[in-house]
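The block underneath contains the structure these notes are about, expressed in structure tokens.
Bear in mind these aren't lab numbers, they're just calculated from the coordinates by the rules spelled out. On a predicted model such as this, the values are computed, not experimentally measured, just so you know. Every residue, glycine as well, gets a Cβ built from its backbone with ideal geometry; the counts of neighbours run over all protein chains shown.
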Amino acid sequence: MSFEKIHTENMTLHYGSKMALNNISISIPEKKVTAFIGPSGCGKSTFLRSLNRMNDLIDGVKIEGKILIDDINIYDKNIDVVTLRKKVGMVFQKSNPFAKSIYENVAYGPRINGVKDKKQLDEIVETALQNAAIWGEVKDRLGDSAMGLSGGQQQRLCIARTLAVNPEIVLMDEPASALDPLSTSKIEELIVQLKEKYTIVIVTHNMQQAARISDLTAFFYLGELIEFDKTKKIFTNPDKKQTEDYITGRFG
Amino acid sequence: MLPEYYFSIMTKKIKKRKKSDTSNSGLIDITKKKFRWSDYLAEKIIKGVAFLSITIIILIFFFVFRESMPIFSSAKPAETTVASQEVQETYGEVTDQSDKQETYGEVTDQTDVQETYGDVVDTTAANVAAESYTVSAGSGHDDNQSALKTLMSKEWYPVSEKPRFGLFSLIIGTFKITLISILFAAPLAILAAIYSASFAGKRTKEIIKPTIEMLAGFPSVVIGFFALMVLATFLQEVFHYETRLNSFVGGIAMGIAAIPIIFTITEDALTAVPKTFNEASLALGASKWQTAFFVILPAATPGIFAAVLLGIGRVFGETMIALMATGNAAQMGMNPFESVRTLAATIGAEMAEVVFGDTHYNVLFLIGSVLFIFTFVINAIAEFYVKGKLMKRIQGK
Amino acid sequence: MIKSFKNNIKGILIEGLTLSSALLIIAIVVVMFTVIFIGGKDQISWEFLTSFPEDGMTKGGIFPAIYGTALLVILMSVAAVPFGTITAIYLTEYAREESIIAKSIRFAVRTLAVIPSIIYGLFGLGFFIKFVGTSMDNAFLGGQLKWGQPNILWASLTMSLLTLPVVIVSVEEALKTVPRDLRAASLALGATKWQTIWKVVIPGSISGILTGTILAVSRAAGEVAPILFTGVAYYLATLPGSLSDQFMVLGYHIYVMSTQSANVDQTMPIQFGTTLVLLMLTFILNFSAIILRYRIRKKKTN
């Protein structure tokens with residue numbers, strides 16, 4: 001029995017014949033920020049995408065082992081993937097707002113879920129934009145196209161869009177890597193606030209970012225989970241030599 | 001050895017998480033697989049419709065061939081056909097060129113048929129014509145065997161008393177036109193494409209390319225009209241030949257129709273050659289024209305070959321220009337300045353007047369099958385060249 | 001130095017040769033257009049466009065031909081646009097790139113694109129008229145001849161097969177301009193595949209669907225061979241009132257008038273006028289499609 005929000009046991013993933021993830025066992029607690037770090041190509045994004053089954057979209061992916069969210073194996077054949085993705089939201093590396101208005105972007109999720117009442121939608125949109133710390137900047141131009149926002153604003157819009165669906169977990173795949181330092185710090189502030197309500201799992205290649213904002217850190221290398229612990233410990237006194245080498249910049 | 005954190009959790013007081021603990025309103029139950037009607041329906045319908053496009057090809061293939069098959073079936077006992085008098089004297093060398101002029105297309109009057117094959121002048125022929133038409137209407141199925149024998153003969157007289165379906169003259173006519181049109185269009189289009197791809201500046205290119213591609217927007221009936229009204233007169237004044245509408249005029253007109261295809265595909269092939277080839281050649285001190293002709297052109301040869309092939313395919317099956325500008329006389333001479341009749345034009349001219357189920361009807365479908373196969377094969381070869389050889393060449397195999 | 005001078009001359013000559021070829025082609029385009037314009041411009045008038053032909057086509061207008069062309073094109077679009085759009089959606093959204101089905105469909109589409117237009121006419125006759133039409137007559141009308149003969153319904157369906165590849169290719173191009181991560185974003189929000197297509201992909205490709213439609217319309221307006229024996233007529237006293245009627249079109253009008261007119265001198269101006277109308281029509285349509293396509297490509301590179 002597990003107590004954590006997300007729990008995996010011996011999870012292995014193959015792209016065709018190539019093994020991308022080997023025997024990942026990890027327990028991620030709720031309402032904390034967990035960071036995945038590691039050099040490029042080490043599998044951290046792949047693992048993240050397995051948590052909301054976005055890997056299903058890729059041909060030839062085979063997954064073994066268990067991934068449990070709230071004690072339910074999400075790869076069980078009775079699982080409704082579409083509903084799963086409402087529970088586990090995702091923010092992508094490059095912001096991808098729809099070519100619609102700011103309002104419509106955020107309202108997209110609720111509309112899909114059947115919310116039709118305008119007042120309800122207005123409320124959901126406002127709440128989501130506030131939670132994403134962008135309400136003040138856009139409240140007077142909700143009808144404008146989302147494509148007119150800056151990179152950092154678009155990313156926060158995408159976060160708002162994800163929040164509007166009311167997920168429990170928010171997965172973030174290098175959310176600030178394409179942004180300038182100012183926008184990055186705004187997003188980092190936002191993430192720290194969000195953990196009060198949501199479980200956050202964030203993939204980042206920026207170690208300092210992980211050190212700044214996460215409670216727990218997992219170090220991945222070549223498809224394996226090398227070490228997973230409180231952030232402070234990982235960065236000051238890691239158990240494994242590989243972790244230490246990576247942290248101190250000897251490779252990666 | 002467990003990670004420290006996991007261990008510390010286990011030693012802490014384990015708080016049983018109540019379901020209502022989740023701060024999110026409403027349970028998100030992921031365990032029931034929902035069946036979504038709209039998605040299911042959408043997928044089924046979309047797949048079904050997409051399959052139809054393959055079905056259509058097969059259907060076209062099937063039906064066109066099916067209607068031509070009766071020719072090859074065994075003959076039923078033949079009714080004794082009427083007049084033993086063969087209309088022998090009446091076909092053959094055309095003596096009076098001017099008769100050619102009158103027919104461009106649809107045969108509406110039976111007596112006209114006789115005139116175009118350049119033969120009988122006297123009235124008895126008109127009677128024979130009338131008789132033979134009724135005869136062939138009745139004996140459609142019966143003459144299959146004999147009709148089959150005439151397929152490779154030289155005489156195309158589908159509505160004479162003893163129908164002859166010699167495709168040979170039609171095939172010659174089609175080839176003549178195709179040859180002339182490609183000899184005209186290919187060098188022009190290819191050279192123009194070389195200019196556009198290798199010599200033209202950006203702004204010039206933006207004027208030249210769209211203008212030439214505009215040519216593709218001319219409906220073939222308009223090109224045919226232009227050829228019939230203007231081009232024929234013009235060329236006749238320049239070259240001083242007798243017959244106003246002949247394979248030369250038709251060929252040039254068809255060439256005009258083929259130019260955009262050859263141009264566009266050649267230009268695409270030339271620009272598809274990696275820029276690095278261009279840079280390497282110039283860096284070695286070669287001039288623009290040397291690079292264009294000795295580096296880029298050879299690299300794009302498969303694509304150019306495909307372009308010409310597709311141009312040929314276009315011309316081979318073109319109907320309206322043939323109907324309007326070639327004179328529509330089934331002749332076989334080598335002279336480019338005499339009228340010809342193409343396979344496609346024959347279908348276009350005669351199908352409306354033919355009796356359903358008649359041998360004539362079947363032969364026209366047979367011609368259609370020939371056209372189908374021919375363009376199919378040309379397209380397959382062209383694709384093979386572009387996909388296979390062009391890509392291999394550029395990737396260096 | 002002499003060698004490079006010679007080379008230079010060679011280069012100039014060659015460049016000149018290729019330039020002349022390009023200019024010659026352009027000259028052909030310009031001459032064709034000019035001749036038709038000059039020959040026909042005096043004919044164009046409101047009356048010409050809205051009245052019926054009179055006096056054996058030597059007087060009057062070409063309204064029924066315009067009407068017939070419009071009707072043909074509309075019916076064709078109703079059949080071809082949804083069909084082609086759905087096929088394109090299948091190819092980009094549902095089929096795996098390398099699957100046999102996708103390859104076969106693409107091959108079928110490319111083959112359809114190169115078949116001579118007259119073959120479609122044969123198919124229209126052999127399948128729609130003689131097979132479907134006659135079966136309909138036998139089944140619903142007890143053998144009475146109504147659907148088993150050329151009419152605007154069969155002609156439109158025949159034409160729609162001809163323009164199908166055009167629609168499919170244009171729509172596919174537009175669908176591909178919708179970036180993949182927009183689909184990912186939609187799915188990650190808990191939308192189903194069809195919801196994603198309907199609410200994100202299709203709205204993003206409307207301009208491509210429009211381009212395909214315009215190109216198909218332009219093609220259908222000018223092609224004559226497929227309808228030669230599936231429904232078109234030279235002179236009808238009335239406009240087509242039902243699907244089982246025959247109809248007139250601009251292209252066929254030009255063809256018959258120019259090749260079989262009894263009185264060439266008198267009908268000549270009308271011939272040129274009709275040709276000019278058809279030419280302008282196709283040009284405007286093609287031009288709009290090109291502009292739309294340019295806009296789509298720009299959006300992609302942005």
Tilt relative to chain A, helix A:102-112 - C-alpha long axis, 0 to 90 degrees, to 10: 70 degrees
Given points 7 Å out from each Cα along the Cα-Cβ axis, report the B:ARG66 to C:LEU243 separation in nanometres with one decimal. 2.1 nm
For the protein assembly as shown, size of Cβ-based charge dipole, Lys and Arg +1, Asp and Glu -1, in debye: 6020 debye
In whole angstrom, the spacing between the Cα centers of the stretch A:93-116 and the stretch A:153-208 equals 17 Å
In peptide C:251-263, how many Cβ atoms from other protein chains are near each Cβ within 10 Å, on average? 5
Can you compute the modelled spin-label distance between C:GLN149 and A:ASP245, with each label point 7 Å from Cα toward Cβ, in nm? 8.9 nm
Measure nothing fancy, just the Cα-based angle from helix A:151-163's long axis to the longest principal axis of chain A, in degrees from 0 to 90, nearest 10. 90 degrees
Could you put C:ARG180, B:ARG341, A:ARG212 in order, starting from the residue whose Cβ has the fewest other Cβ atoms within 10 Å? C:ARG180, A:ARG212, B:ARG341
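List C:MET136, C:MET32, C:MET248 from most exposed to least, where exposure is judged by having the fewest other Cβ atoms within 10 Å. Write down the numbers at each step before the final one.
Values: C:MET136 13, C:MET32 21, C:MET248 27.
Ranked by crowding around the Cβ, least crowded first: C:MET136, C:MET32, C:MET248.
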Between the stretch B:259-317 and the stretch C:231-294, what is the C-alpha centre distance in whole Å? 38 Å
Non-local amide H neighbours of A:ILE226 (under 5 Å, H modeled in plane, Pro and chain starts lacking H): which ones? A:PHE219, A:PHE220, A:TYR221
Provide the net charge surrounding B:ASP268, with neighbours chosen by a C-beta distance below 12 Å and charges set as Lys +1, Arg +1, Asp -1, Glu -1. -1
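Could you sort the peptides A:114-123, C:86-95 by per-residue average Cβ neighbour count (10 Å cutoff), highest mean leading? Write out the running numbers ahead of the final one.
On the way: A:114-123: 11.0, C:86-95: 22.2.
Top to bottom by mean Cβ count within 10 Å: C:86-95, A:114-123.
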Given labels modelled 7 Å from the Cα in the Cβ direction, how far is it in nm from A:ASP76 to B:LYS202? 6.1 nm
Extreme residue, positive dipole direction of chain C, given options C:PHE52, C:SER218, C:GLY190 (C-beta unit charges): C:GLY190
Note down the relative contact order for chain A as a percent, whole number, built from C-alpha pairs under 8 angstrom at least six residues apart. 28 percent
In deg cm²/dmol, rounded to the nearest 500, the helical mean residue ellipticity at 222 nm of chain C, built from -39500 (n - 2.57) for every DSSP H run of length 4 or more, is -23000 deg cm²/dmol
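Please sort through the DSSP H helices of chain C and keep those with an alpha-carbon extent of at least 27 Å along the long axis and a Kyte-Doolittle average not below -0.5. Display every interim value, and only then the final one.
Numbers: long enough: C:2-40 (55 Å, 1.61); C:63-89 (38 Å, 1.86); C:152-177 (36 Å, 1.39); C:264-301 (54 Å, 0.55).
Those that pass (Cα extent of 27 Å or more, hydropathy at least -0.5) are C:2-40, C:63-89, C:152-177, C:264-301.
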Of C:ALA102, B:THR271, A:ILE134, which is farthest towards the positive pole of the protein assembly as shown's charge dipole, taken about the Cα centre with +1 and -1 on the beta-carbons of Lys, Arg and Asp, Glu respectively? A:ILE134
Roughly how many debye, to the nearest 20, is the charge dipole of the stretch B:217-354 about its Cα centre, given +1 on each Lys and Arg Cβ, -1 on each Asp and Glu Cβ, and no other charges? 300 debye
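Might you report the magnitude of the Cβ-based charge dipole of the stretch C:41-301 about its Cα centre, with Lys and Arg at +1 and Asp and Glu at -1, to the nearest 20 debye? Present the calculation step by step, with values, prior to reporting the outcome.
Working: 20 positive and 14 negative charges, 276 e Å.
Charge dipole of the stretch C:41-301: 1320 debye, to the nearest 20.
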Treat the count of other C-beta atoms within 10 Å as a stand-in for reagent exposure and order A:CYS158, A:CYS42 from fewest to most. A:CYS42, A:CYS158
Expected sort for C:150-157, C:170-177, B:350-357 on mean C-beta neighbours within 10 Å, highest first, is C:150-157, C:170-177, B:350-357
Summarise the partner chain shielding of C:221-234 as one whole number: the mean count of Cβ atoms from other chains within 10 Å of each residue's Cβ. 4
Is there a simple number for the mean count of other chain Cβ atoms within 10 Å of the Cβ of residues in C:191-203, and what is it? 5
Nearest-ten-degree value, helix A:181-194 long axis tilted from longest Cα axis of chain A: 90 degrees
Residue among B:ALA306, B:THR291, B:ALA322 farthest towards the positive dipole end of the stretch B:278-397, charges placed on Cβ: B:THR291
